[in-house]
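Q: Attaching a single structure in structure tokens format; questions to follow.
The values are calculated or read from the model by the stated rules, or taken from the named source; none is laboratory data. Owing to the predicted nature of the structure, the values given are computational and were not obtained by experimental measurement. Virtual Cβ from ideal backbone geometry, glycine too; neighbours counted across all protein chains shown.
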Amino acid sequence: MHKAAVIIPAAGRGHRMGQGVRPKQFLPLFGKPIVRWTLEACAAARCVAQLVLVVAPEDVDACRAWVAGATDKPVQVVAGGAERQESVHRGLAAVPVHVPLVAVHDGVRPLLQPALLDQVVEAAARHGAATAAVPLKDTVKQVRDGWVQMTPDRASLRAVQTPQAFRRELLAEAHARAQAAGWLATDDAALVERLGHPVAVVNGAYDNIKITTAEDLLLAETLLRARIGAAAAGAGARVPLARGPLPGPAGAAAGGEGEAPLVRVGIGYDVHRFAPDRPLVLGGVEIPAAQGLAGHSDADVLLHAIMDALLGAAGLGDIGRIFPDTDPAYRGASSLRLLEEVVRRVRAAGWQVGNVDATVVLERPRLARYVPAMVERIAGVLGVPAERVNIKATTNEGLGFVGAGEGAVAFATATLVP
């Protein structure tokens, strides 16, 4: 078995996933970031001697903190560039010159079967360059200005995937020539093709999908669930989707017979009185108002209710226990940052957010125009598409302390899945 280094480009921002969503490679997939599934799949291949994870400069330190525990094979984390091609080029610079073969695999293809990576590397050892690809299922039309120009023969076409693998010196030359000539390609095989070098094709897998849109993430969850179920059936046992028993009351397993339930639900409630000389912050958005809400932090009553709902669903207590108002570290703290810590704890317990539904009640000001911005910021921290966050605003029709304009109340419900 020939040995190779694997470069995993994961520095993109994932704009097609939707606004308000964090970079797609860090979205949770059954409790782990997508890119961690990818890293672990690559590390499991027999051919892999070392890995280079290429991420955005601002993500380097955070990724270095978790890669050490992801695999027993050496992993470097390096800063990528604005384009995928530049990120691969920087990753290649981190591979020692004595390594004869280099593979490249997209950071958002987490369902890679390690055996496919072995096959592509072996093909590259024989032919110099190789890529995984699958036959097209649909008829393809060449279109210009809204009109069909021709229909290529589908039998000769392939949908190209990663992994791709190359002799190191060939890939280095391809990138050097591309940089000098200003070539930009969507994959490394295309750069090698420009040198006139043939690229061998290895049969890929239809489930080796690239997560680009929210629909792709749902498909990946379905495929991974089926794969885990098949593995469990082969082992003759029922295996929970999250590794190990999930925490529940008094440390008990979260579901019956030690298996994780599919959904857990939490409810949150919070109330704050109005106070002068305070900004009004709701859902992470500062709203023009004559007065704000009193509190030790920024008193974001909406986010506080959402945090309690998440903690309740995960069985992790409440925000008063985690962020006590006696601790000066949280004086004036942004509740968005506190929400990030809550989400981190929820994920560490083996859960990811399903959806959040919340209502904030106050007489003034009217909030409708600010709700989209609230949704965007909350979804970004939760790591979910914006459609999974629903925020409602209403008044108390002049009744009670809320109706008298003395304060604001928020209610929230959150669901978690393994």
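Table: residues versus (1) at pLDDT 95 or above; (2) over 17 Å from the mean Cα position of the chain (by Cα); (3) within 24 Å of R347 (Cα to Cα).
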position: C47; (1), (2), (3): yes, yes, no
position: V55; (1), (2), (3): yes, no, yes
position: E122; (1), (2), (3): yes, yes, no
position: A133; (1), (2), (3): yes, yes, no
position: D138; (1), (2), (3): no, yes, no
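Q: Read through the list (1) within 19 Å of V160 (Cα to Cα); (2) of a type in the set (A, V, I, L, M, F, W, C); (3) over 20 Å from the mean Cα position of the chain (by Cα), then give the number of the only condition that L111 fails.
A: Only one criterion is unmet by L111, namely (3).
Q: Can you tell me which residue within the range 355-385, out of those that are closer than 20 Å to L218 by Cα and either in a loop (DSSP other than H, G, I, E, B) or among the polar types (S, T, N, Q) (or both), is nearest to the chain's Cα centre (by Cα)?
A: Applying the filter and picking the extreme gives G383.
Q: Return yes when L416 is of a type outside the set (V, I, T) and farther than 11 Å from L362 by Cα and no when it is not. Explain how you work it out, then say what you get.
A: Numbers: of a type outside the set (V, I, T): yes; farther than 11 Å from L362 by Cα: yes.
Here the answer is yes, as L416 does meet what is asked.
Q: Taking the condition within 24 Å of G354 (Cβ to Cβ), in contact with a His (Cβ under 9 Å, 6 or more places away or on another chain) and part of a strand (DSSP E or B), does A414 pass?
A: So A414 fails the test.
Q: Also, quick follow-up: Return the total of residues in the range 296-319 being surrounded by fewer than 22 Cβ atoms within 10 Å (Cβ to Cβ) and either touching a helix residue (DSSP H, G or I) at 6+ places or on another chain (Cβ under 9 Å) or at pLDDT below 90 (or both). Full working, then the answer.
A: Step one: list which residues in the range 296-319 are surrounded by fewer than 22 Cβ atoms within 10 Å (Cβ to Cβ), which gives 296-297, 312, 315-318.
Among the residues that remain, those that are also either touching a helix residue (DSSP H, G or I) at 6+ places or on another chain (Cβ under 9 Å) or at pLDDT below 90 (or both) are: 296-297, 315-318.
Here the count works out to 6.
Q: Scan the range 188-214 residue by residue and report those that are in contact with a strand residue (DSSP E or B) (Cβ under 6 Å, 6 or more places away or on another chain) and at positive phi.
A: none
Q: Counting just the residues of the range 168-195 that are not charged (D, E, K, R) and not in a helix (DSSP H, G or I), which one comes out surrounded by the most Cβ atoms within 10 Å (Cβ to Cβ)?
A: Per the stated criteria, the residue is A185.
Q: Could you check A165 against (1) outside any loop (DSSP other than H, G, I, E, B); (2) modelled with pLDDT of 95 or more; (3) surrounded by fewer than 13 Cβ atoms within 10 Å (Cβ to Cβ) and say which number it fails?
A: (3)
One line per residue, one yes/no per condition, for (1) outside any helix (DSSP H, G or I); (2) in contact (Cβ under 8 Å) with a residue 24 or more places away in the chain; (3) surrounded by fewer than 22 Cβ atoms within 10 Å (Cβ to Cβ):
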{"site": "A5", "(1), (2), (3)": "yes, yes, no"}
{"site": "P9", "(1), (2), (3)": "yes, yes, no"}
{"site": "V35", "(1), (2), (3)": "no, yes, no"}
{"site": "E58", "(1), (2), (3)": "no, no, yes"}
{"site": "R64", "(1), (2), (3)": "no, no, yes"}
{"site": "K73", "(1), (2), (3)": "yes, yes, yes"}
{"site": "H89", "(1), (2), (3)": "no, yes, no"}
{"site": "V97", "(1), (2), (3)": "yes, yes, yes"}
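Conditions tested, residue by residue: (1) in a helix (DSSP H, G or I); (2) surrounded by 13 or more Cβ atoms within 10 Å (Cβ to Cβ); (3) modelled with pLDDT of 90 or more.
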site	(1), (2), (3)
H197	no, yes, yes
A205	no, yes, yes
I209	no, yes, yes
E215	yes, no, no
L218	yes, no, no
L224	yes, yes, no
A231	yes, no, no
R238	no, no, no
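Q: Continuing with this model, one more query. Give the range 99-152 a look and list any residue that's touching a residue at least 60 places away in the same chain (Cβ under 8 Å) and small (G, A, S), or say none.
A: A103, G107, A115, A123, A124, A125, G128, A129, A130, A132, A133
Q: Another one. Of the residues Q85, Q149, Q119, which is polar (S, T, N, Q) and outside any helix (DSSP H, G or I)?
A: Q149
Q: Also, I was wondering about something else. Which of (1) outside any helix (DSSP H, G or I); (2) surrounded by fewer than 21 Cβ atoms within 10 Å (Cβ to Cβ); (3) in contact (Cβ under 8 Å) with a residue 60 or more places away in the chain does E397 not meet, given it meets every other one?
A: Here E397 clears every test but (3).
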